[in-house]
Amino acid sequence: MKKIAVLTSGGDAPGMNAVIRAVVRTGCENGLEVYGVERGYSGLINGDFIPMNLRSVSDIINRGGTILYSARCPEFRTEEGMQKAIQTCKEFGIEGVVVIGGDGSFRGARDLSERGIPCVGIPGTIDNDIACCDYTIGYDTCLNTIMELVDRIRDTTESHDRCSVIEVMGRHAGYLALNSGIACGATAILIPEVPVDIQKHVIERMQRTMKADKKHFIILAAEGACVDVQQLAKEIEAKTGVESRATILGHTQRGGYPTAKDRIKATQMGYYAVKKLLMNDIGNRVVACQKEKILDYDIFEALQMTKSIDKELYEIAHEVSI
Ligand code: ADP
Ligand code: F6P
């Protein structure tokens, strides 16, 4: 392959810029022509291609978000939209596309691959919900951001002997909630992977810890657990007598400069996608990270894989938060 493109799609994640930088630099250094596509699959449809060079990606390794912008593009999910994207790639002579995003974006990459445009997916999502990876780019930064934000909430929660119910992101997955819950010593953690039982998991746990003299409480709920945190705070106050407040951390979690881990893994994955795969004419793959090692999977197989949360970690979290 001599001409490749790179795009970011779905929810942005800190570290996406570091991937773009690695893809562009590895490509340029090895004699490839590299295009950046703006706003994910929308840019592929509309021909929003920017020629990239070594200096186009200077000073971005430290920046959150994505310099190529991101988008969710319903049009791309139609056969007509897909055909337009393929046509644009052909017009620009694009022989391979690096897609940085989550599993929705990978489904799009799979469909493009099936129709003759070889793609390589790189997992970029704060949710950490890509089955073939134990880690996705952006997850580490987001986890650390949540920890910092919850620590701040803890200061005021403690000062008032209150309970804080905090919602964190994770559309269908509880990785962020579970791990930030452990890191922040939450009394209860509500995640979509474990059926939510407010009486058992929240009220009774709080009552038990109150008997052990606990006076302030952090309850963490994953967005995907579908709990109304305002409502839950009221219920807690009514049933335990502890004054309660709810906070939805929202998009504060998704921005900010990436951690060292996200920058390093992003660089390794971007390099791998170009040097090990596209430059050897290998497409239709997903770059993965497992136990710190970078490897790749067939994109069809990757999308059929499943992963579950670490149940032992869930048990540990609750046993030590008494
Ligand atoms: P993420 O990649 O973070 O999971 P989305 O699920 O929003 O984010 O997907 C991003 C984009 O990928 C969508 O806007 C759409 O253009 C494309 N996409 C998602 N699902 C599919 C699918 N099943 N088939 C084709 N394209 C898809
Ligand atoms: O997939 C990443 C994510 O941040 C999810 O955790 C969240 O549910 C969703 O994106 C939010 O999307 P939007 O930015 O469109 O509100």
Exercise for review: Evaluate the following for Ile117: is it in a loop (DSSP other than H, G, I, E, B), away from ligand 2 (no atom under 16 Å from the Cβ) and closer than 26 Å to Asp140 by Cα?
Suggested key: no
Check your understanding: If you scan the stretch 54-76, which residues turn out to be within 16 Å of ligand 2 (Cβ to nearest atom) and open to solvent by 70 Å² or more (accessible area, probe 1.4 Å)?
Key -> Tyr69, Arg72, Pro74
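Determine which member of the set Thr26, Thr8 is in contact with a helix residue (DSSP H, G or I) (Cβ under 9 Å, 6 or more places away or on another chain), within 16 Å of ligand 2 (Cβ to nearest atom) and under 19 Å from Val287 (Cα atoms).
Thr8
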Check your understanding: So which of Leu303, Leu278, Leu232 is in contact with a Phe, Trp or Tyr (Cβ under 8 Å, 6 or more places away or on another chain), at pLDDT 95 or above and either closer than 18 Å to Pro192 by Cα or assigned to a helix (DSSP H, G or I) (or both)?
Key -> Leu303
Point to revise | Among the residues listed as Gln207, Gln231, the single one being free of Cβ contacts under 8 Å to residues at least 24 places away in the same chain, more than 16 Å from ligand 1 (Cβ to nearest atom) and open to solvent by 10 Å² or more (accessible area, probe 1.4 Å) | key: Gln231
Review point. Which ones in the stretch 256-274 are farther than 14 Å from Val286 by Cα, open to solvent by 20 Å² or more (accessible area, probe 1.4 Å) and in contact (Cβ under 8 Å) with a residue 12 or more places away in the chain?
Key: Gly256, Tyr257, Thr259, Lys261, Arg263, Thr267
Check your understanding: How many of the residues making up the stretch 118-175 are surrounded by 24 or more Cβ atoms within 10 Å (Cβ to Cβ), within 16 Å of ligand 1 (Cβ to nearest atom) and either over 17 Å from the mean Cα position of the chain (by Cα) or not small (Gly, Ala, Ser) (or both)?
Key -> 17
Check your understanding: What single numbered condition from (1) polar (S, T, N, Q); (2) touching a helix residue (DSSP H, G or I) at 6+ places or on another chain (Cβ under 9 Å); (3) surrounded by 15 or more Cβ atoms within 10 Å (Cβ to Cβ) fails to hold for Gln199?
Key -> (3)
**Study point:** Asn46 vs. criteria over 25 Å from Gly170 (Cβ atoms), more than 16 Å from ligand 2 (Cβ to nearest atom), of a type outside the set (A, V, I, L, M, F, W, C) and in contact (Cβ under 8 Å) with a residue 40 or more places away in the chain
**Key:** yes
Point to revise | Qualifying residues in the stretch 99-117 (those that are of a type in the set (Lys, Arg) and within 8 Å of ligand 1 (Cβ to nearest atom)) - the one least open to solvent (accessible area, probe 1.4 Å) | key: Arg110
Point to revise | Residue list for the stretch 275-317, filter: of a type in the set (Ser, Thr, Tyr) and surrounded by fewer than 12 Cβ atoms within 10 Å (Cβ to Cβ) | key: Thr306, Ser308
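The values are calculated or read from the model by the stated rules, or taken from the named source; none is laboratory data. These numbers come from a predicted model, not from an experiment. Methodologically, a virtual Cβ is constructed for each residue, glycine included, from the backbone with ideal geometry; neighbour enumeration extends over all protein chains shown. The area values use the complete protein model at the heavy-atom level, side chains included, leaving out ligands, DNA and RNA. Shrake-Rupley method; radii C 1.70, N 1.55, O 1.52, S 1.80 Å.
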